[in-house]
Structures are given as C-alpha cells and as structure tokens.
1. Residue check, Thr118 against (1) out of contact with any Phe, Trp or Tyr (no Cβ under 9 Å at 6 or more places or on another chain); (2) surrounded by 14 or more Cβ atoms within 10 Å (Cβ to Cβ); (3) farther than 22 Å from Val31 by Cβ; (4) β-branched (Val, Ile, Thr), all met but one. Which one?
2. Tally the residues that are farther than 23 Å from Leu9 by Cβ, of a type in the set (A, V, I, L, M, F, W, C) and not in a helix (DSSP H, G or I), restricting the search to the stretch 158-215.
3. Has the stretch 46-63 got any residue that is surrounded by fewer than 12 Cβ atoms within 10 Å (Cβ to Cβ), of a type in the set (Phe, Trp, Tyr) and outside any helix (DSSP H, G or I)?
4. I'd like to verify a number: residues in the stretch 70-82 that are surrounded by 13 or more Cβ atoms within 10 Å (Cβ to Cβ) and either closer than 12 Å to Ser115 by Cα or of a type in the set (Lys, Arg) (or both), how many?
5. In the stretch 46-103, how many residues are among the hydroxyl-bearing types (Ser, Thr, Tyr) and either farther than 16 Å from Ser130 by Cα or touching a His at 6+ places or on another chain (Cβ under 6 Å) (or both)?
6. Scan the stretch 136-154 residue by residue and report those that are within 20 Å of Ala41 (Cβ to Cβ) and out of contact with any Pro (no Cβ under 7 Å at 6 or more places or on another chain).
7. Of all residues in the stretch 83-103, how many are part of a loop (DSSP other than H, G, I, E, B), exposed (fewer than 14 other Cβ atoms within 10 Å of the Cβ) and of a type outside the set (D, E, K, R)?
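Rule-based calculations on the coordinates, nothing more; no lab input. For clarity, every value in this text was computed on a predicted model and none was experimentally measured. Cβ atoms come from the backbone with ideal geometry, glycine included; neighbour counts cover every protein chain shown.
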Amino acid sequence: MNTMTKAMLEMAGLDELAGMNTPVHRLHPLVKLILAVAYIAAVISFPGNTFTGLTAMVLLPVLTFQISRIPVRTCFYRLRFILPLVCAVGIWNPVLDRRPALVLGGLTVSAGMLSFLTLMLKGVFALMASFLLIATTGIEKICYALRLLHVPEILVTQMLITYRYISLMLREAGTMMNAYSLRAPGQKGIHHSAWGSFVGQLLLRSMDRAETLFAGMQLRGFHGSFYYAGVMPWRRTDTAVLVIGIAAILFLRLFNLAAFLGGIFA
C-alpha cells in the first residue's frame, strides 16, 4: 500500500470517527463549532510567559476525548506531520532570550525557553481542538453550522468541495503510483526524472474525473448549493453544554488553576 492510499484511508477514517454515536457526536454542530473557536481563541490569547496558566487548558480536550471515546493517540498520529512544524515555531526563542524567568528545583528557566514552551502548547492545543471538531462532527455538519452563522454560501460550498476533492486526487495519485511501481519493480518512490510528467498526468486525470463528477452532480439537481445536513433541532442539552463550555473556557482562561493547585500541594 503506497503513501497516497494510506492518506486516503486516513481521511476515510475521519468520516468513520464522525459517524460514531456518543454524547459529543450527538451535540448540535453549531455548539461544537462555537466551543472549538472559543477554546482556540482563549488558548492563543494567553501571554507568552504564562506557561502554568496555559497547562490547565488541556483539561477540556482530554475530557472531550474521553466522552467521545476517541483515543488521544489517534489525534497525535493523524497530526504527526503538522505537530513538528508547530513545535518548531519558537525554537529560536531560548537562544535569543536568555533572561532568567523562574527557578524550578534549582534549575533556572530562561524567558526564551518559557515562551517557546508556551507557543508549543498553544499550537498543540489548537490542533487538538480542530481535530476533535472534525472527528466528532464531519465536514458536512461543519458546513451546515457555518451556514447557520451566515457565512457566505460560496465559501462554504468551496470548502466542502475542496475537502471532497482532496480524497479524489489522492485516489488518482494512488492509482498512478501503483501503476508506476508495477513498471519499476524494486524502485523506492518515483524517480526525479518522472516527477514533471507524473504531476502533469495527475492534474489531467484529476480534472477529467472532476468534470465527470460535476456532470453527475448537475444531473442530480445540483445548482451551486448543498443541503448539508438538513434542519437539525436545537435541544435544551445543546444550550446547557454551550453555556457550561463557555463558562469552563472563561474560568480556565481567567483563573490560574495550575498555580492554585500547585500552591495547595506545596
């Protein structure tokens, strides 16, 4: 199985995760979208030197992972290519800023190291919230929630079609890589001399397949808009979860829970 096929199967796995039946999955998609955006906004609003206050924000995604029955390792495995880039955002901070910030057990931590760890946690927490949103909601319901917020229909439709087109392009690339490997047995990957023709053929095949799919969509009555998820009822449970979730995010943002618990145990 080539890498393109594995990537396509991972995307299909996200749809399978979104189809589970748990209390988190049954929530209205607008609730999950608002909470995800509020959580990310709260995380990135922490100053660069408040590492202890930021650590308590991990409680919300961990609790959501437990209720939704999605293993945490699945999140980090799916984000394995993005996490190193996120963690490397402030990698030069410890070198550029060596001012002492605090002392832990006789070890002096510089302000640059503290800001580096804070930036790294911000990126990890934001990615965890984004993964939970897509893994418990699905792209169609997210687009439905965006339309409820009056996001322009053309943008939402473009987002949905682009997401679906990625799987189509991966399928075509997987087919081409299988054909290439059969014609070049024992060769690892694609030789650099064939990169140009491979990308060109992939573009032509994807465009041809996309035109066929679009013609099929038009025959089925597509006129530029989707009925993403139908009309979903808003329940009292959704209101309660939204209020409790916003309150928990504000509490963890405004109150340094980690420092408070550390002071008690100290």
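1. Thr118 satisfies all of (1) out of contact with any Phe, Trp or Tyr (no Cβ under 9 Å at 6 or more places or on another chain); (2) surrounded by 14 or more Cβ atoms within 10 Å (Cβ to Cβ); (3) farther than 22 Å from Val31 by Cβ; (4) β-branched (Val, Ile, Thr) except (1).
2. Residues in the stretch 158-215 being farther than 23 Å from Leu9 by Cβ, of a type in the set (A, V, I, L, M, F, W, C) and not in a helix (DSSP H, G or I): 1 in total.
3. There is no residue in the stretch 46-63 that is surrounded by fewer than 12 Cβ atoms within 10 Å (Cβ to Cβ), of a type in the set (Phe, Trp, Tyr) and outside any helix (DSSP H, G or I).
4. 1
5. Counting residues in the stretch 46-103 that are among the hydroxyl-bearing types (Ser, Thr, Tyr) and either farther than 16 Å from Ser130 by Cα or touching a His at 6+ places or on another chain (Cβ under 6 Å) (or both) gives 3.
6. Answer for the stretch 136-154, where residues must be within 20 Å of Ala41 (Cβ to Cβ) and out of contact with any Pro (no Cβ under 7 Å at 6 or more places or on another chain): Thr136, Leu146, Leu148, Leu149, His150, Val151.
7. 4
Each row is one residue, and each column tells you yes or no for (1) among the hydrophobic types (A, V, I, L, M, F, W, C); (2) farther than 20 Å from Thr136 by Cα.
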position: Pro23; (1), (2): no, no
position: Leu27; (1), (2): yes, no
position: Gly53; (1), (2): no, yes
position: Phe65; (1), (2): yes, no
position: Tyr77; (1), (2): no, no
position: Cys87; (1), (2): yes, yes
